[in-house]
Amino acid sequence: MTLIEKYFALKQIPFFSRIDHEELLLVANVALVRKYNSESPVLEKGADLNRLIVVVEGSIHPIHTPEKAREVIGIEPLVMEEEIGVDLVAGKSGAVCLNISKGHLFTIINEFPSLLTEYLLESEPSE
C-alpha cells in the first residue's frame, strides 16, 4: 500500500477519523502493512502485544467463532499492559492490516487524549 492508500484506509476507521490531516499522515507513514491468508493466525492467547492492529480489509475474529473483532485491535492490552485474552485468526477472505507500534500509539494518545477516552466509552456495554 502506498502512503496515500494507508492514509485513506486509516481515515475510514472511526478511531483515527478525528486526527488532523498532518498527524494522520505521520501515522500512515509509520504503519506497516501485514496481510493474512484465510483463517491464518494473527495473535495467540497470552501473547504480549507490541503493536496496534488496524483491520483495513477483510476481517479478524476469535478462533472458532464467526464474531468479527473490532477494526482496531489491541488498545486495551497495550494501554493496560495485559496479555491477549483470545486466539485471533483472519476471516475466510483473509485480512489486510496496518500495524502501529506501541510507541507510536502512545504518541497518538498523548497528542489526542480524547481518542482513548472516546474509544473506551464506546467499548463499555450499554445497560
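In square nanometres and to one decimal, what's the mean projected area of the convex hull around the Cα atoms of the chain?
The number I arrive at for the chain is 7.8 nm².
Taking the alpha-carbon distance from residue 45 and a cut-off under 25 Å, which lysines remain once sequence neighbours fewer than 8 residues away in the same chain are dropped?
Reachable lysines: 35, 68, 92, 102.
Treating the beta-carbon of each Lys and Arg as +1 and of each Asp and Glu as -1, no other charges, what is the dipole magnitude of the chain about its Cα centre, to the nearest 20 debye?
Result for the chain is approximately 560 debye, rounded to the nearest 20.
How large is the helix-only mean residue ellipticity at 222 nm for the chain, computed as the sum of -39500 (n - 2.57) over DSSP H runs with n ≥ 4, divided by its residue count, in deg cm²/dmol to the nearest 500? Write down the numbers at each step before the final one.
Details: 6 runs with 50 residues, N = 127.
Computed mean residue ellipticity for the chain: -11000 deg cm²/dmol.
Normalised by the number of residues in the stretch 36-127, what is the relative contact order in percent for Cα pairs under 8 Å and 6+ residues apart?
38
Stretch residue 82-residue 67 to full length: gain in nm at 0.36 nm per residue minus the Cα-Cα span?
3.2 nm
By how many nm would the segment from residue 3 to residue 22 lengthen if fully extended, with 0.36 nm per residue of separation less the alpha-carbon distance?
Between residue 3 and residue 22, full extension yields 5.6 nm more.
I need the calculated FRET efficiency for the pair residue 111 and residue 34, taking r as the beta carbon distance and R₀ as 22 Å, to the nearest 0.05. Can you show the working numbers first?
Working: r = 24 Å, r/R0 = 1.10.
So, using R0 = 22 Å, E works out to roughly 0.35.
Tell me which of 75, 117, 4 sits at the most positive position along the dipole axis of the chain, charges placed on C-beta atoms (Lys, Arg +1; Asp, Glu -1).
4
Considering Cα pairs under 8 angstrom that are at least six residues apart, work out the relative contact order of the stretch 6-90 and quote it in whole percent.
34
Using only alpha-carbon positions, what ratio does the radius of gyration of the stretch 46-92 give when scaled by 2.2 N^0.38 Å?
For the stretch 46-92, the normalised Cα radius of gyration comes out at 1.11.
Take each of the peptides 41-48, 93-100, 79-86, average the number of other beta-carbon atoms within 10 Å over its residues, and list them starting from the highest. Spell out each step's value before the answer.
Details: 41-48: 14.4, 93-100: 19.9, 79-86: 12.6.
Descending packing order for the listed peptides: 93-100, 41-48, 79-86.
None of the figures in this text is laboratory data; all of them are computed from the coordinates on show. Not measured: the values here are computed from a predicted model. Every residue, glycine as well, gets a Cβ built from its backbone with ideal geometry; the counts of neighbours run over all protein chains shown.
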